[in-house]
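Just so you know, all these numbers are worked out from the coordinates, no wet-lab data involved. What you see is a predicted model; the values in this text were computed from it and never measured. Heads up, the Cβs are rebuilt from the backbone with ideal geometry, glycines too, and the neighbour counts pull from every protein chain shown.
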Amino acid sequence: STKNTGRDKKIVDNFFRDVKISGKVTAIKKNMLITEMVMKGKKVKVPMKYTLEGSKLSATGTIDVFDFMMHSNLDAINKACKALHEGKTWNDVNIELKTDLTSC
């Protein structure tokens, strides 16, 4: 969420319109999660730095949407935001994961 309802709707409607997202953690290293992210049927390993405070896990990383073949999605959001961003948004996207862990 960008904390701006109008902006969030524009992103969902133009960028994520045909995207199913899934992912899983495939390895844990010191302060690093290795995740496997899937978007538009493409699997990409994404390293994410993480912190664990009590049961709260937070992780951050960066993806390149071109790795997921999302060229047309980026074109769509570029067109939708052209007036504000002069027709250029970046293909590198910061991602964040937050969750509360529970014991099994």
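Just the Kirkwood number for region 5-100, please: inverse of mean 1/r across all distinct Cα pairs, in Å, one decimal.
Mean inverse Cα-Cα distance, inverted, gives 14.6 Å.
For ASN31 paired with THR102, estimate the spin-label separation in nm (one decimal), with each label point 7 Å from Cα along the Cα-to-Cβ line.
Here the answer is 3.1 nm between the modelled labels.
Could you tell me whether region 58-104 comes out rounded, prolate or oblate from its Cα gyration tensor? Rule is a ≥ b ≥ c as square roots of the eigenvalues, rounded for a/c under 1.5, then prolate if a/b exceeds b/c, otherwise oblate.
Here region 58-104 falls in the prolate category.
When only C-alpha pairs under 8 Å and at least 6 residues apart count, what is the relative contact order of the chain, in percent?
Result for the chain is 22 percent.
Just to verify a number: FRET efficiency for SER58 and ASN78, C-beta to C-beta distance, R0 = 30 Å, to 0.05?
0.50
Can you give the angle from 0 to 90° between the axis of helix 71-80 and the longest principal axis of the chain, with both taken from C-alpha atoms, to the nearest 10?
With both axes taken from Cα atoms, the answer is about 60 degrees.
Give me the net charge of ASP67's neighbourhood, meaning all other residues with Cβ under 13 Å from the Cβ of ASP67; Lys, Arg count +1, Asp, Glu -1.
+1
With 27 Å as the limit, write out which pairs from LYS24/LYS79; LYS24/LYS82; LYS29/LYS98; LYS43/LYS98 have Cα-Cα distances beyond it, or answer none.
From the list (LYS24/LYS79; LYS24/LYS82; LYS29/LYS98; LYS43/LYS98), the Cα-Cα distance tops 27 Å for LYS24/LYS79; LYS24/LYS82.
Write down the Kirkwood hydrodynamic radius of region 1-57, to one decimal in angstroms, obtained as one divided by the mean of 1/r over all alpha carbon pairs.
Kirkwood radius, region 1-57: 13.5 Å.
Assuming 0.36 nm per residue, please report the length gained on full extension of the stretch ASN94 to THR5 beyond their Cα-Cα distance.
30.1 nm
Fully extended, how many nm does the chain gain between PHE66 and VAL44 (0.36 nm per residue separation, minus their Cα-Cα distance)?
6.8 nm
Which loop-located trypsin sites (Lys or Arg not before Pro) does region 23-91 contain, where loop means any DSSP state but H, G, I, E or B and the Cβ has at most 15 other Cβ atoms within 10 Å?
LYS30, LYS40, LYS88
Based on DSSP H runs of at least 4 residues, each adding -39500 (n - 2.57), what is the mean residue ellipticity at 222 nm of the chain after dividing by all its residues, to the nearest 500 deg cm²/dmol?
-6000 deg cm²/dmol
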